[in-house]
Amino acid sequence: MTDQVLAAIDGSQFSEGVCDYAAWASLAMDAPLTFVHVVDNHSDVPEEQNLSGNLRFGARERLMKELSELDEQRAKINREQGKLMLEAAKERAIEDGVSDPITRQRNGTLVESLLELEKDIRLLVVGKRGETAHQASGHLGSNLERVVRELHRPILMVPKTFKRPEKILMAFDGSKTARKGVEMLARSPLFAGTECHVLIVGAETAERRSELEWALSTLREAGHQAEGAIRAGEVDEALQAYEKEHSIDLLVMGAYGHSRIRHLLVGSTTTAMLRGSRIPVLILR
């Protein structure tokens, strides 16, 4: 199946938000919806001290057999839990209006599984934090960071609670790739009828004013109400400030060339930006 909305769910409290945003995207884009749950039996098993070398006679063999049996039991439980999650997600999507959502369970790691499915993905929907991330720590999770860096498909990272986007903000740097992003946003059925904002971060120059006007006119010609600004400062701080000032519902960013926004996505401030956002973040690739 090609051009599907793929929603990755786990046992975290973000899964309901993933379900609802994925259902919204599926309906808006008239695209099939697939839920995937990845069973990784080694993801949250702490490294334990190896005591087998201290065991004598048959004790080591008995211990290894018992550990193997425990691994099998844990794997079976994880599979059954995953099936229940997928069934609950399917039921929730049907309640949201999706006619025939599909469920898939895979073994392995999240990143490897998504890369194998990449060619069929039109939009990937994931929660901001995964099942094993401590909620109080603000840690985004290494799996999600790897997904953002390695998957070359649009990725929608969502919070725990769904809110239909009515105002969206696009981080724009005037590059050729960024212009393609504006054009994609302008014609996307996902954002039909939304109010679009464009923000350029940097010193105000004639060139940047021209770039901003191009972006706004492109959005207005597509039927959007559009406004924007040029702000000096750090990219993440400027975006978050604008987002709060204008009650933005969704932030759109892209991996643009070698600009400061590009470095924001693939550099050391990635986690801080994504973690700090209280709203969904759509990353265009």
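Checking the condition over 20 Å from residue 39 (Cα atoms) and modelled with pLDDT under 95, which residue from 174, 127, 141 passes?
From the options 174, 127, 141, the qualifying one is 174.
Cβ-Cβ below 8 Å, separation at least six or inter-chain, first residue in segment 190-217 and in contact (Cβ under 8 Å) with a residue 60 or more places away in the chain, second open to solvent by 70 Å² or more (accessible area, probe 1.4 Å) and part of a loop (DSSP other than H, G, I, E, B): which pairs?
201/232; 201/234
For segment 1-16, which residues satisfy the criterion of being crowded, with 22+ Cβ neighbours inside 10 Å and in contact with a strand residue (DSSP E or B) (Cβ under 6 Å, 6 or more places away or on another chain)? Steps first, please.
So in segment 1-16, the residues crowded, with 22+ Cβ neighbours inside 10 Å come out as 5-10, 14-15.
Correct list: 5, 6, 7, 8, 9, 14.
Given the criterion at pLDDT below 90, surrounded by fewer than 20 Cβ atoms within 10 Å (Cβ to Cβ) and not assigned by the TED database to the domain that holds residue 245, identify the matching residue among 153, 146.
That would be 146, the only listed residue that is at pLDDT below 90, surrounded by fewer than 20 Cβ atoms within 10 Å (Cβ to Cβ) and not assigned by the TED database to the domain that holds residue 245.
Determine which member of the set 30, 96 is in contact with a helix residue (DSSP H, G or I) (Cβ under 9 Å, 6 or more places away or on another chain), at pLDDT 90 or above and exposed (fewer than 12 other Cβ atoms within 10 Å of the Cβ). Please lay out each step first, then the result.
Values: 96 fails: exposed (fewer than 12 other Cβ atoms within 10 Å of the Cβ).
From the options 30, 96, the qualifying one is 30.
What pairs come out if I take residues in segment 175-186 that are surrounded by 17 or more Cβ atoms within 10 Å (Cβ to Cβ) and pair them with residues that are β-branched (Val, Ile, Thr) whose C-beta lies under 6 Å away, six or more apart or interchain?
From residues that are surrounded by 17 or more Cβ atoms within 10 Å (Cβ to Cβ), the pairs are 182/218; 186/218.
Can you tell me which residue among 221, 227, 211, 243 is at pLDDT 90 or above, of a type outside the set (A, V, I, L, M, F, W, C) and open to solvent by less than 10 Å² (accessible area, probe 1.4 Å)? Outline the logic, then answer.
On the way: 221 fails: open to solvent by less than 10 Å² (accessible area, probe 1.4 Å); 227 fails: open to solvent by less than 10 Å² (accessible area, probe 1.4 Å); 211 fails: open to solvent by less than 10 Å² (accessible area, probe 1.4 Å).
None of the other options fit; the residue is 243.
The values are calculated or read from the model by the stated rules, or taken from the named source; none is laboratory data. Please read these numbers as outputs of a predicted model, since none were measured by experiment. Quick reminder, even Gly has a Cβ in these numbers, built from the backbone with ideal geometry, and neighbours come from all protein chains shown. Accessible surface areas use protein heavy atoms only, side chains included; no ligands, DNA or RNA. Shrake-Rupley method; radii C 1.70, N 1.55, O 1.52, S 1.80 Å.
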